[in-house]
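Below is one structure, written out as structure tokens; comments come after it.
No value in this document is a laboratory result; all are computed from the given coordinates. These figures come from a predicted structure and were not determined experimentally. Glycine gets a Cβ as well: all are built from the backbone with ideal geometry, and neighbour counts include every protein chain shown.
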Amino acid sequence: MQSFVCPSCGDTHEGLPTDHGWKLPDVVWDIPESERAKLAKFNSDLCQFGNRFFIRCLLKLQFNEQPDYYGWGVWIEVQEQDFYRYVELYDKDGSGEPPVSGTIANSMPGYPDTLGMPVVVQFQSSTSRPAVLVPTNIGHPLALEQVAGIDNRRYHEILVATGSLGGP
Ligand SMILES: [Zn+2]
């Protein structure tokens, strides 16, 4: 179990989540629950809502002061053809596929709005969710964090933003 003395609050943090995910794209989550399954088709990895197509991906932010990474389990809207290519490769190795374009389908806490932000998706092996790469040219903090990694102070902020730690 990872633990660290937090520069932000001075506590020792241990056993806290190193990931945060969304069950559904925001636009589908916003449908009243009683209607949702009638209007959209979804499981934990794939979602179709009318002519909109989403896949659940993993956006990694490397920790700078401890091993491993923070993982955002975010939904990405992709083109229909790329959605079906992902379905085709679902139990195969897709890591050799060319990357596809998409947009973030969740509002991620602790950032300027991420909904609709353009990203690149790289399919992975059959056991890993597709990887999200945030283009650096848009200057969004998420892009900078993906390049530079996050320190423990920022990790604390993310834990607060996701509700895993009480706020200040
Ligand atoms: Zn802290």
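Numbers for the structure displayed
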| item | result |
| --- | --- |
| Scope segment 66-94; condition in a loop (DSSP other than H, G, I, E, B) and within 19 Å of residue 141 (Cα to Cα); matching residues | 74 |
| All positions within segment 118-145 that are part of a loop (DSSP other than H, G, I, E, B) and among the charged types (D, E, K, R) | 129 |
| Residue 66 touching a residue at least 12 places away in the same chain (Cβ under 8 Å), exposed (fewer than 13 other Cβ atoms within 10 Å of the Cβ), within 16 Å of the ligand (Cβ to nearest atom) and over 16 Å from residue 131 (Cα atoms) | no |
| Test: residue in segment 1-13 that is within 22 Å of the chain's Cα centre (by Cα), surrounded by fewer than 17 Cβ atoms within 10 Å (Cβ to Cβ) and free of Cβ contacts under 8 Å to residues at least 24 places away in the same chain | no |
| Matching entry among 138, 104 (being hydrophobic (A, V, I, L, M, F, W, C) and under 18 Å from residue 44 (Cα atoms)) | 104 |
| Single residue of 41, 60 found to be farther than 14 Å from residue 25 by Cβ and part of a strand (DSSP E or B) | 60 |
| Filter result (more than 30 Å from residue 14 (Cα to Cα) and among the small types (Gly, Ala, Ser)) within segment 32-91 | 34, 37, 40, 50 |
| Close pairs from segment 76-94: first surrounded by fewer than 13 Cβ atoms within 10 Å (Cβ to Cβ), partner aromatic (Phe, Trp, Tyr), Cβ under 8 Å, at least 6 apart | 79/53; 80/53 |
| Segment 95-117, residues that are surrounded by fewer than 18 Cβ atoms within 10 Å (Cβ to Cβ) and not in a loop (DSSP other than H, G, I, E, B) | 101, 103 |
| Candidate set: segment 146-164, residues that are over 14 Å from residue 20 (Cβ atoms) and under 16 Å from the mean Cα position of the chain (by Cα); chosen: the one surrounded by the fewest Cβ atoms within 10 Å (Cβ to Cβ) | 147 |
| Leading residue by the ranking (nearest to residue 65 (Cα to Cα)) among those in segment 132-166 that are of a type in the set (S, T, N, Q) and more than 10 Å from the ligand (Cβ to nearest atom) | 146 |
| Count of segment 31-55 residues which are free of Cβ contacts under 8 Å to residues at least 24 places away in the same chain and within 18 Å of the chain's Cα centre (by Cα) | 3 |
